[in-house]
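Novice: Here's a structure for you.
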Amino acid sequence: MDRTELAWAAGFFDAEGWAGAVKNRRRCHPHAQISQADPCGTPEVLERFQAAVGVGRLGGPARQPGKLDLYRWVASSRADVTAVYTALRPWLGEVKREQFCLSLGIDDRPPERPTANESLAWAAGFFDGDGSTYLAKHRTHAGHYTAEIAITQSSSDGLPGVLRRFQGALLVGRIYGPLPAPRGHAPVYRLKVTRLADVDSILRATWPWLGAAKRVQASAVVATVRSQDPLPRGNPAWGSHKTHCVHGHEYTTARVRPFVSRKGGREKRASQYCLACLREHARCMRAKKIGGSEEPPMISEALVPTC
């Protein structure tokens, strides 16, 4: 089996799986399980996981009124749980490795360092389990939407290491939390990505290993955002659409020129000046030099923004 596919499976188990000891007929035996809801039959990610680890069985659907059909992958023998742990251990997060070790009664060993592709494959599996790409309302333009990505994890022991690991693998996103959770539930932590460039970066990096459902979801969101009309940049009262400087000179008649140093200096930041303001400033400076008392007006670098 391709190591990146096993890394994907480990990421998916880190997001959606659990391992433990289940009591049956007065004795405990190891058990591992992943549950997924899907209205269209057995989820593709469960079939893919089973193919990656090579053991376990698929079950379902379990039906409840008002809820989606629930399917599961289950490994319920010591041999199968051991095989899953052995296959996934190099990429599993600390929490799930501890679960496997406790259920099997063995000691854990630090895993080897994964390659770059294996880290991205793990991140894709984790995203397949707990990630979501969705449309969010634009903060300032009604009727427009932005693309966002979110991954949510609950933890009673502080910030989940898997969220920090995902952030480190993709080098984007911001983690929030702990957030309020329903009574009796562990605090919630959430990694969010709100810039379209960062959303594109995550999707490009994880796309080779991303599941079909998350690909369809992400493609629809990005297509919707890119189909929108371009938004005007800045406020019409200032910025690139400004028609008059702060002293009331109309740019079309006063002309605008870029910064030009008279003493060999370097412009500290991109800016332009209103030529009429510069003329007034020079006139006042000459009058003051000759002996006049008129104070020169202040020339701000922000008189005319860069176009």
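The values are calculated or read from the model by the stated rules, or taken from the named source; none is laboratory data. Source: prediction; values computed, not measured. Glycine gets a Cβ as well: all are built from the backbone with ideal geometry, and neighbour counts include every protein chain shown.
Novice: Residues that are surrounded by fewer than 15 Cβ atoms within 10 Å (Cβ to Cβ), within 17 Å of D130 (Cβ to Cβ) and in contact with an Asp or Glu (Cβ under 9 Å, 6 or more places away or on another chain): does segment 36-43 have at least one?
Specialist: Yes: one or more hits.
Novice: Can we say A181 is at pLDDT 95 or above and surrounded by fewer than 18 Cβ atoms within 10 Å (Cβ to Cβ)?
Specialist: no
Novice: Give the residue that is surrounded by the most Cβ atoms within 10 Å (Cβ to Cβ), with candidates limited to residues of segment 44-69 that are within 27 Å of the chain's Cα centre (by Cα) and touching a residue at least 12 places away in the same chain (Cβ under 8 Å). Walk me through it before giving the result.
Specialist: Initial filter on segment 44-69 (within 27 Å of the chain's Cα centre (by Cα)): 44-49, 52, 68.
Those left that are additionally touching a residue at least 12 places away in the same chain (Cβ under 8 Å): 44-46, 48-49, 52, 68.
Details: E44: 15, V45: 24, L46: 22, R48: 18, F49: 29, A52: 21, L68: 13.
Top of the filtered list is F49.
Novice: Please find, within segment 167-221, the residue that is farthest from T4 (Cα to Cα) out of those that are of a type in the set (F, W, Y) and assigned to a loop (DSSP other than H, G, I, E, B).
Specialist: It comes out as W207.
Novice: Moving on to the next point. Could you please tell me which pairs satisfy a Cβ distance under 9 Å, a separation of 6+ or placement on different chains, a first residue in segment 278-303 that is within 18 Å of V246 (Cα to Cα) and outside any helix (DSSP H, G or I), and a second residue that is modelled with pLDDT under 80 and among the acidic types (D, E)?
Specialist: E301/E267
Novice: Going by the conditions given, is A136 within 16 Å of the chain's Cα centre (by Cα) and surrounded by 14 or more Cβ atoms within 10 Å (Cβ to Cβ)?
Specialist: Yes, satisfied.
Novice: Tell me which residues, restricted to segment 143-166, are of a type outside the set (A, V, I, L, M) and part of a strand (DSSP E or B).
Specialist: Of everything in segment 143-166, those that are of a type outside the set (A, V, I, L, M) and part of a strand (DSSP E or B) turn out to be Y145, T146, E148, T152, Q153, S154.
Novice: Within segment 86-128, take every residue that is assigned to a helix (DSSP H, G or I) and without any contact (Cβ under 8 Å) to a residue 24 or more places away in the chain and give me the one that is surrounded by the fewest Cβ atoms within 10 Å (Cβ to Cβ). Steps first, please.
Specialist: Filtering segment 86-128 down to residues assigned to a helix (DSSP H, G or I) leaves 86-88, 94-104, 116-128.
Restricting the remaining residues to those that are without any contact (Cβ under 8 Å) to a residue 24 or more places away in the chain gives 86, 97-98, 101, 116.
Values: T86: 11, R97: 21, E98: 13, C101: 16, A116: 9.
Step by step, filter segment 86-128, then rank; the result is A116.
Novice: So, L104, is that one aliphatic (A, V, I, L, M) and in contact with an Asp or Glu (Cβ under 7 Å, 6 or more places away or on another chain) or not?
Specialist: no
Novice: Please tell me if A150 is in the same structural domain as P208 (by TED's automatic domain parsing) and loosely packed, with under 15 Cβ neighbours inside 10 Å.
Specialist: Considered against the rule, which asks whether it is in the same structural domain as P208 (by TED's automatic domain parsing) and loosely packed, with under 15 Cβ neighbours inside 10 Å, A150 comes out as no.
Novice: Tell me which of these I34 doesn't satisfy, since it passes every other one: (1) of a type outside the set (F, W, Y); (2) within 27 Å of the chain's Cα centre (by Cα); (3) outside any strand (DSSP E or B).
Specialist: (3)
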